[in-house]
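The values are calculated or read from the model by the stated rules, or taken from the named source; none is laboratory data. If you're wondering where the values come from, they're calculated on a predicted model, not measured in any experiment. Neighbour counts are summed over all protein chains in view; Cβ atoms, including those assigned to glycine, are modelled from backbone coordinates with ideal geometry. In case anyone asks, the SASA skips ligands and DNA or RNA and just uses the protein heavy atoms, side chains included. Shrake-Rupley method; radii C 1.70, N 1.55, O 1.52, S 1.80 Å.
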Amino acid sequence: MKKLQKLFPSMDGNEFQREETLSYFRTVLTKIDELKDPNKLTLGEMPEYTEGYYNRIIQNADVPKTGVPMEEVIQELLKLVEGHRFVNRNYVANAAPLPNIASIIGNLVMVLVNGNNIWDVEGPAAATAEVEITSMLSKLIGYDESISAGYTTWGGQGAVFNSLRLAIARYAPSSNQNGVPQNLYCFCSELSHYSLYKSVEATGIGVENMIRVKANADHSMNLEDLKEKMEYVIAKGGIPLYVLATMGTTDTFGVDDLEGIKRIAEELERTNGIYPIYIHADSAMGGMYTFFNNYDFESNPLRFEDNVNEVLKSYQQKFKHIKLADSMVFDFHKLGQTPYITSLFLIKNREYLKYVDLDAEETPYVGNRGYGSYHTGYTLECSRMGSALTIYASLLAFGIEGYQELLANYIRVNITFREMLIKEVPNMVITNEVSPITTFRFYPENTKWNDELNGLLTLEEIMEINQFNDEFAEVIGEERDTVFFGNTKKQRLVEVVNSNKRISVYAHKFFAISPYTTIEEVERYVGFLKEHQEYFIKTRSSENILIRA
Ligand SMILES: *Cc1c(COP(=O)(O)O)cnc(C)c1O
């Protein structure tokens, strides 16, 4: 056993074992640092992902008969890191975080004491941190912290699933025994994340009962369409159970009008005498912008530029209503710059949890003890990581103002990027509002965006422009090692002259997520696009080369 004990942290806190562990940490940090290159996206060289790459790995994988020395373990791990994307200034693809140092330390503390967030007896640190961040963030968004509840869970998607489960159990408390009623309906924007799609599948509500609502030009949910579709469901004897209000669509950062959604829900409840409709704010992408809910844009203490101030002020008008939702989520591992997974599911009224909590006798390990006073039998997880510690550390280190600066910079960089792109690349159009994301679309010659928006093109014409953009995404994707742009095949849906079907529009995506993405860098991004775009158009027309679709 002595030999095996060496694989564990010490029991008595002796210096020798601590130094040994520290030296491992030092090696890992040093080696990763050695692989960093500010001019490249990746840590070292990307591996060749040839056809047989994963097959070879499957064939060669075996648990070693005897354990290998720690030095070798570290070496093998570092081999995996070779070619890993690193979220530096060259990463402008998606909402992928570069975990801040406080969050890394919070995470390390979580791992070192390895509490189980299921029960405070097994994980007191995470339990206290969870209660604390739940209160902190409830106050920030305007929930009453004395009746709200919250827990960390498996992502923004987990929050959607958890909220739907609450909605079902609240409406039909017997559904836990008898199964889900067949006439429940959910509503979401046609541009919402697929989280709800998966959740209606998994809860048994069924995809047929998920009603997609049209989006407005600004990518928010069209409220007239919502109301019409809800009324239709009611008229047919269905139950409008749940509305997903997206606060920042994943690709275009459209923000739904929560106040308007709440108004419609209450109106329908009144006129039809129906049960309250559950509203979940899917704020996985945009929730961090509630950090401006109390910012004074008149005195502007952080001295944001006018155009930045204006955008943030318009967000305040939208995000201050998030408190009307029955639940919402903070996905810190998106715009909050913390490691995966750090998502806090916040519930306006902790009473809701009683519909999904387990009976004490169903939880023989943790529920039936007199000691301990924080039981989380209502979560879908059993053992649960204590990622509240990670969030907590980050909130302390940044404070409200630190996050405000970080979030304002995403906007600042996007404004600059837009201005320069419009100036430098004429056959390109920007297809969403100013936000942390800019989506843009290229055309072989002149832009046809207005015609596309107004439904004046044919299906074939739009498909051809989509194809053009798809090929271009492949071309710049090959060089993602230099600058990594994102893309989406669901920018929005548009009408066409020769079909009843609305067609999805493809676009490229610039996501200013890294703290190293500053306005000084914008020239490089635009230069990269301009150069590749000119080359692409030339080679495409002259050689008509075949590019992988
Ligand atoms: C990212 C995202 C999700 C999913 O969040 P995860 O943390 O990846 O599970 C859900 N909804 C929206 C709007 C998102 O942007």
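Here Lys538 is the anchor, and the lysines within straight C-alpha reach of less than 23 Å, apart from those fewer than 8 places off in the same chain, are Lys423, Lys448, Lys509, Lys530. Placing a label point 7 Å from the Cα of Gln316 along the Cα-to-Cβ direction, the residues of the stretch 389-404 with a backbone N closer than 18 Å are 400-404.
Among 314-320, 473-479, 152-158, the peptide with the highest mean count of other Cβ atoms within 10 Å heads the list, and the full ranking is 152-158, 314-320, 473-479. For the set Phe484, Phe440, the ranking by accessible area, highest first and with no ligand, DNA or RNA atoms included, is Phe484, Phe440 under a 1.4 Å probe.
Among 159-168, 525-534, 379-388, sorting by the average number of other beta carbon atoms lying within 10 angstrom of each residue, highest first, gives 159-168, 379-388, 525-534. Give the relative contact order (percent, whole number) for the stretch 411-549; include only Cα pairs under 8 Å separated by 6+ residues. Answer for the stretch 411-549 is 29 percent. Simple point charges give the picture: +1 on the Cβ of Lys and Arg, -1 on the Cβ of Asp and Glu, and for the chain a dipole about the Cα centre of about 700 debye.
Shape verdict for the stretch 2-86, please, from the Cα gyration tensor: rounded (a/c under 1.5), prolate (a/b greater than b/c) or oblate. Oblate, because a/c is 1.5 or more while a/b does not exceed b/c. In terms of the mean number of neighbouring beta-carbon atoms within 10 Å, the peptides 58-64, 126-132 order highest first as 126-132, 58-64. Residues in the stretch 91-99 carry Karplus couplings, in order, of 9, 9, 9, 8, 7, 9, x, 9, x Hz; the curve used is 6.51 cos²θ - 1.76 cosθ + 1.60 with θ = phi - 60°, and Gly or Pro positions show x. This model, with +1 at the C-beta of Lys and Arg and -1 at the C-beta of Asp and Glu, gives the stretch 1-61 a dipole about its Cα centre of some 280 debye.
Residues in the chain average 50 Å² of solvent-accessible surface per residue, probe 1.4 Å, ligands and nucleic acids excluded. Extent of the chain along its three principal axes (Cα atoms, max minus min coordinate, largest first): 72, 64, 57 Å.
What shape does the stretch 62-127 have by the C-alpha gyration tensor, where a ≥ b ≥ c are the square roots of the eigenvalues, rounded means a/c under 1.5, and otherwise prolate means a/b greater than b/c and oblate the rest? Judged from the Cα gyration tensor, the stretch 62-127 comes out oblate (a/c at least 1.5, b/c at or above a/b).
Surface composition of the chain: carbon and sulfur atoms hold 52% of the protein heavy-atom accessible area at a 1.4 Å probe. Per DSSP helix of 4 or more residues, -39500 (n - 2.57); summed, then divided by the residues of the chain. What does that give at 222 nm, rounded to the nearest 500? Helices in the chain give a 222 nm mean residue ellipticity of -13500 deg cm²/dmol.
Loop-located trypsin sites (Lys or Arg not before Pro) in the stretch 47-104 (DSSP state other than H, G, I, E, B) with a sparse environment of at most 16 neighbouring Cβ atoms within 10 Å: Lys65. With contacts taken as Cα pairs under 8 Å at a separation of at least 6 residues, the chain carries a relative contact order of 19 percent.
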